[in-house]
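One structure is given here, and the rest of the page talks about it.
The values are calculated or read from the model by the stated rules, or taken from the named source; none is laboratory data. This structure is a prediction, so every number in the text was calculated from the model and none was measured. Quick reminder, even Gly has a Cβ in these numbers, built from the backbone with ideal geometry, and neighbours come from all protein chains shown. For the accessible areas, the whole protein counts, side chains as well, though only heavy atoms, and no ligand, DNA or RNA atoms are used. Shrake-Rupley method; radii C 1.70, N 1.55, O 1.52, S 1.80 Å.
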Amino acid sequence: MNIALLIIGSVLVFLAAAFHVYIFFLESVTWRTPKTWKTFGLPNQEQADITQPMAFNQGFYNLFLALGIFVGLALLGVNTTIALTLMLFGALSMVGAALVLFISRPGSRAAALLQGVTPLFGVFFLTLAVVAH
C-alpha cells in the first residue's frame with residue numbers, strides 16, 4: 001500500500017466528512033434561521049418551518065455518513081481493511097448523493113459539486129493507495 005496516497009485520500013475524505021457535519025448543523029440545528037434557509041434557496045420563513053422535519057432528518061443522514069468516515073479514519077492503525085471499507089462506503093455515498101442532486105436539480109449543480117468533488121478525489125486517492133505498490 002502506498003502510504004503517501006493513503007494520507008492524501010484520508011485527508012480528502014476527512015475534509016468531506018467535516019463538510020457533511022457542517023451540513024448536518026445547518027439542516028438539523030439552524031434550519032429555521034433566515035441565513036440558513038436562504039442558503040438553501042427557500043423563499044420565506046413559512047417554507048423553512050414546513051420543511052424543517054425533512055431537513056432535520058436529512059441532516060442526520062449527512063452526519064451518519066461523516067461518522068462512518070471518522071470511524072474508518074480512527075481504525076486505520078488497527079484494521080486497514082475495515083477502515084478503508086468504511087471510508088470508501090461513506091465517501092462513495094456522498095458522491096452518489098451529489099450525483100443525484102446534480103442530475104435532479106440543475107439549479108443546485110454548484111452545491112452538488114461542492115458536496116461531491118472532495119469525496120470523489122478521496123475515493124480516487126484511496127483506491128490508488130491500495131493498488132499502487
*Filter the helices (runs of 4 or more DSSP H) completely within the stretch 16-133 down to those with at least 3 residues that are crowded, with 18+ Cβ neighbours inside 10 Å.*
45-74, 80-104, 109-131
*Under 8 Å by Cβ, and 6 or more places apart or on different chains, what pairs join a residue from the stretch 50-72 that is farther than 15 Å from Ala83 by Cα with one that is of a type in the set (D, E, K, R) and part of a helix (DSSP H, G or I)?*
Ala55/Glu27; Phe56/Glu27; Gln58/Glu27; Gly59/Glu27; Asn62/Glu27
*(1) farther than 17 Å from Leu114 by Cβ; (2) at pLDDT below 95; (3) open to solvent by less than 80 Å² (accessible area, probe 1.4 Å): which one isn't true of Met1, the others all being true?*
(3)
